[in-house]
1. Do you know which residues across region 34-43 are of a type outside the set (A, V, I, L, M, F, W, C) and touching a helix residue (DSSP H, G or I) at 6+ places or on another chain (Cβ under 9 Å)?
2. Tell me, which helices (runs of 4 or more DSSP H) wholly within the chain include 2 or more residues that are among the small types (Gly, Ala, Ser)?
Amino acid sequence: MSTTTKSLIALIILSFVDVVIPIPILGLLLIYVLFQRPPWFLELVCEIYNPK
């Protein structure tokens with residue numbers, strides 16, 4: 001399974017959880033990525049946009 005497919009599945013699952021639980025999980029994840037800049041996010045973006 002490709003990285004793009006895995007990311008899409010994870011976002012779909014988080015969207016369903018976001019609908020069921022009234023805590024905005026995707027918004028909190030976005031805030032975390034913007035302020036903390038975790039290395040795993042950069043690696044994920046590089047894998048998606050620069051396939052080998």
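The values are calculated or read from the model by the stated rules, or taken from the named source; none is laboratory data. Bear in mind the structure is a predicted one, so any value in this text is a computation, not a measurement. Reconstructed Cβ throughout: ideal geometry from the backbone, glycine too, with neighbour counts over all protein chains shown.
1. Selection gives Pro38 alone.
2. The qualifying helices (runs of 4 or more DSSP H) are 3-20.
Listed here are the residues, each with its yes/no results for (1) touching a helix residue (DSSP H, G or I) at 6+ places or on another chain (Cβ under 8 Å); (2) modelled with pLDDT of 90 or more; (3) surrounded by fewer than 11 Cβ atoms within 10 Å (Cβ to Cβ).
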position: Leu8; (1), (2), (3): no, yes, no
position: Ile12; (1), (2), (3): no, yes, yes
position: Val19; (1), (2), (3): no, no, yes
position: Ile25; (1), (2), (3): yes, no, no
position: Tyr32; (1), (2), (3): no, yes, no
position: Val45; (1), (2), (3): no, yes, no
position: Lys52; (1), (2), (3): no, no, yes
